[in-house]
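A short worksheet on the structure shown next.
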Amino acid sequence: MLDQKITNEDMQKRIMRFKEMKKTHGVPLMFIDSILPGHHRMNYAVIGDTASEDTEYKPVITAPHRFQIGMVKAPPGNGPAFHTHDYIEAFMPLSGRWRFYWANDPERADNPEGEAILEPWDLISLPPKLWRGFENISDEDAWILGILEEHTAFVSKDPYWAPQIIEQAKAYGFEADETGRMIKPANFEELRERMRVQLEVQRLVSNEI
Ligand SMILES: [Fe+2]
């Protein structure tokens, strides 16, 4: 055991305050699909990354962990597009209702092999390689918590997107390279700020937390 005292200052850095995080850590275009209708969302890295493709995220808690935690807020009808990872990710809705759908074939987003509707406090654990998507099916913005197995960001493709999603994102000027880094369109910052405002306005309209 390490003979090292943990200070109160250390401990303060290991606390995520939700109200503060919302103001300072939202990433509106964290992934190449985030620009696509039906896949708009705000991503928050709480511990580690959340499989980000945008290198400009910063986690709230920076101390090393052997797992990673992210949060997502999505407007009604929105959520991550069909994708997969090399590691397990598990999700627990914090508000709203969420539909998860999955298949072993990346072409089956519209004709999935299975699906489930989750409510707050439910949890789903998605195994590596299974193709999955999910969406907020409630009529207000909703939050979900994600727990990811430890992985190193920006060493290979992550997430793997279904071919049709890659094509759709390309039409908006969004791609990812072989290290999983987003190749951004020239007007990325303008698009990012427009999306930030759009997601924020929806929050105010829906009077969400
Ligand atoms: Fe994922």
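The values are calculated or read from the model by the stated rules, or taken from the named source; none is laboratory data. On a predicted model such as this, the values are computed, not experimentally measured, just so you know. Cβ: placed from backbone, ideal geometry, glycine included. Neighbour counts: every protein chain shown.
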Residue in the range 101-120 that is outside any loop (DSSP other than H, G, I, E, B), within 24 Å of ARG192 (Cβ to Cβ) and touching a Lys or Arg at 6+ places or on another chain (Cβ under 8 Å) present: no
Those residues of the range 54-73 which are out of contact with any Leu (no Cβ under 9 Å at 6 or more places or on another chain) and either part of a strand (DSSP E or B) or within 14 Å of the ligand (Cβ to nearest atom) (or both), in sequence order: ILE61
Within the range 151-187, tally of residues that are surrounded by 13 or more Cβ atoms within 10 Å (Cβ to Cβ), of a type in the set (D, E, K, R) and assigned to a loop (DSSP other than H, G, I, E, B): 4
Test: residue in the range 143-150 that is under 28 Å from VAL197 (Cα atoms), away from the ligand (no atom under 15 Å from the Cβ) and either in a strand (DSSP E or B) or touching a residue at least 24 places away in the same chain (Cβ under 8 Å) (or both): yes
Pairs where the first residue, in the range 168-192, is more than 20 Å from THR152 (Cβ to Cβ) and the second is exposed (fewer than 11 other Cβ atoms within 10 Å of the Cβ) and of a type in the set (Val, Ile, Thr), C-beta under 7 Å, 6+ apart: none
Complete set of residues in the range 5-53 that are more than 16 Å from the ligand (Cβ to nearest atom) and among the charged types (D, E, K, R): LYS5, GLU9, ASP10, LYS13, ARG14, ARG17, LYS19, GLU20, LYS22, LYS23
Search result, residues across the range 82-99 that are among the hydrophobic types (A, V, I, L, M, F, W, C), part of a strand (DSSP E or B) and either more than 11 Å from the ligand (Cβ to nearest atom) or modelled with pLDDT under 95 (or both): MET92, TRP98
Selection within the range 1-45 - of a type in the set (D, E, K, R) and part of a loop (DSSP other than H, G, I, E, B): ASP3, LYS5, LYS13, ARG14, ARG17, ARG41
